[in-house]
Amino acid sequence: MPESELEKATSITPYLYYEDVASALAWLSRVFGFREREKETMRDADEKVVHAAMELGEGVILMGWPGVDYKSPKRLGHVTGNLYVYVDDLKRHFDHAKQAGATIRSEVEETFYGDRRYGAADLEGHHWYFAEKIRQIEPEDWRPSDEDLKGHS
């Protein structure tokens, strides 16, 4: 039996809405390196992509089009969440994303909790952080700066 998106998904799998799922599939693949799980892409009677799954490393994201009334974060002018994704070679990932046209929200930086990361927005305004673990710091030893406490997550 073929492996379905839910069989590969972790216990929590993000599901993002997009106004144009087909464009999001192409963009996320080209810019962030995700791979479409083509056998799980669903289309409506007009062949518009209405649901899809993508993977990067061990992670899976689901995406879909919720209907004509949906407005992307970019069109609404605000975002209610971020996705945090670990990658193997952060510098290479950052350089590629930047060169491929991602909107960089924050340059590569080290965090007080032991990650190196950068922030970007996708074509419809969803916010992403890509990170790599550079050192293990126990939560009781985290020392956020004033800047960290001002909403910079």
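Tabulated results
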quantity	calculated
Relative contact order (%) - criterion: Cα under 8 Å, at least six apart; region: the chain	20
Phi-based couplings in Hz for the stretch 132-139 (Karplus 6.51, -1.76, 1.60; Gly and Pro marked x)	9, 6, 10, 7, 8, 10, 5, x
Computed label-point distance, nm, for sites residue 39 and residue 26 using a 7 Å Cα→Cβ extension	2.5
Peptides 99-105, 135-141 ordered by average Cβ neighbours within 10 Å, highest first	99-105, 135-141
Theoretical gain in end-to-end length, residue 83 to residue 47 [0.36 nm per residue, Cα-Cα removed]	10.1 nm
Cα-based radius of gyration of the stretch 80-153 once divided by 2.2 N^0.38 Å, which approximates compact folds	1.13
Angle between the chain longest axis and helix 90-99 axis [Cα atoms, degrees, rounded to 10]	60
Counting DSSP beta bridges with both ends in the chain, the antiparallel % (nearest 5)	75
Which listed pairs, of 71/133; 98/133; 48/133, have C-alpha distances above 32 Å, in listed order	71/133; 48/133
Amide H contacts of residue 43 (H built 1.01 Å from N, under 5 Å, at least 5 apart or other chain)	50
Karplus 3J(HN,Hα) series, Hz, for the stretch 48-56 with 6.51 cos²θ - 1.76 cosθ + 1.60 (x for Gly, Pro)	6, 5, 10, 7, 7, 10, 9, 9, 9
Highest-first arrangement of 111-121, 34-44, where packing means the average Cβ count within 10 Å	111-121, 34-44
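Values quoted throughout were computed directly from the atomic coordinates according to the rules given, and no laboratory measurement underlies them. As the structure is a computational prediction, the values presented were derived from the model and not from experiment. Every residue, glycine as well, gets a Cβ built from its backbone with ideal geometry; the counts of neighbours run over all protein chains shown.
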